[in-house]
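Below: one structure, written as C-alpha cells.
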Amino acid sequence: MATTIKYTASATATGGGRDGNSALDDGGLAVKLAPPKELGGSGQGNNPEQLFALGYAACYLGAMRFVAGAEKLGAVPADATVRATVGIGPRAEGGFGLGVKLEVTMPGVDRAVAEKIAERGHFICPYSNATKGNIPLETVVL
C-alpha cells in the first residue's frame, strides 16, 4: 500500500551504534545509548527498545483518540494511558527479534467500547501497520 509522506524525522547515531550516541538532526533530542545489562551491556544509557516503547505508546494512544472520534465510538478520556513493553531476544533463525505488549487503560469507558477502540487503533497507528505480521504483539485492555 502506498504512503504519501507528510512529515519526516531524521536522526544520526554515532559511536558503537547501541553503545554510543543518537540525536535528532533538528537538535530536539539527544540520548546516550548503552546496551542493557541483560544483553551484556553497562545499562548506563538508553537503548533502542526503550525509544521504540516511548514512540509506540504515544503513537498508539493518539491513534485510538483519532479513531474514536472518526468512527464515533465515544471519547477517549484525558487520563487514558498506553503502556508499551518492548522485548528483544535472539530468534531461532538467527539474529534478534522484538515482541511488544500494549496495556491500555480508559477509565470510565465501557469495556466493550474500549476494546473496539483499541482494536481499531491498530488500523490507524503507523507503528502497528509497520510491525503487523512481523513481531508478536499483544494488546490488553485493563
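The values are calculated or read from the model by the stated rules, or taken from the named source; none is laboratory data. Owing to the predicted nature of the structure, the values given are computational and were not obtained by experimental measurement. Virtual Cβ from ideal backbone geometry, glycine too; neighbours counted across all protein chains shown. Just the protein is used for accessible areas: all its heavy atoms, side chains included, with ligands, DNA and RNA removed. Shrake-Rupley method; radii C 1.70, N 1.55, O 1.52, S 1.80 Å.
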>> Six or more apart or on different chains, Cβ atoms under 8 Å: show the pairs whose first residue is in the stretch 9-38 and surrounded by 11 or more Cβ atoms within 10 Å (Cβ to Cβ) and whose second is of a type in the set (A, V, I, L, M, F, W, C) and part of a loop (DSSP other than H, G, I, E, B).
In response: Arg18/Ala34; Asp19/Ala34; Ala23/Leu29; Leu24/Ala9
> Of Ala118, Ala84, Ala92, which residue is in a loop (DSSP other than H, G, I, E, B) and either touching a Gly at 6+ places or on another chain (Cβ under 7 Å) or at negative phi (or both)?
Replying inline: Ala92
> Among the residues of the stretch 120-130 satisfying the criterion of being touching a residue at least 12 places away in the same chain (Cβ under 8 Å) and surrounded by fewer than 18 Cβ atoms within 10 Å (Cβ to Cβ), which is farthest from Ala68 (Cα to Cα)?
Replying inline: Pro126
> How about the stretch 61-81: which of its residues are out of contact with any Gly (no Cβ under 9 Å at 6 or more places or on another chain) and of a type in the set (Asp, Glu)?
Replying inline: Glu71
> Of the residues that make up the stretch 22-30, is at least one touching a Lys or Arg at 6+ places or on another chain (Cβ under 8 Å) and either part of a helix (DSSP H, G or I) or among the small types (Gly, Ala, Ser) (or both)?
Replying inline: no
> For the stretch 51-64, does any single residue satisfy the condition of being in contact with a helix residue (DSSP H, G or I) (Cβ under 9 Å, 6 or more places away or on another chain), open to solvent by 80 Å² or more (accessible area, probe 1.4 Å), touching a residue at least 24 places away in the same chain (Cβ under 8 Å) and not in a strand (DSSP E or B)?
Replying inline: no
> Only one of (1) surrounded by 14 or more Cβ atoms within 10 Å (Cβ to Cβ); (2) within 30 Å of Asp110 (Cβ to Cβ); (3) under 19 Å from the mean Cα position of the chain (by Cα) fails for Leu73. Which number is that?
Replying inline: (3)
> Of all residues in the stretch 76-86, how many are small (Gly, Ala, Ser) and open to solvent by 70 Å² or more (accessible area, probe 1.4 Å)?
Replying inline: 1
>> Name the residue that is farthest from Gly62 (Cα to Cα), counting only residues in the stretch 89-119 that are without any contact (Cβ under 8 Å) to a residue 12 or more places away in the chain and of a type in the set (A, V, I, L, M).
In response: Ala92
> Can you pull out the residues in the stretch 95-127 that are within 18 Å of Pro48 (Cβ to Cβ) and of a type outside the set (A, V, I, L, M, F, W, C)?
Replying inline: Gly95, Gly97, Gly99, Lys101, Pro126, Tyr127
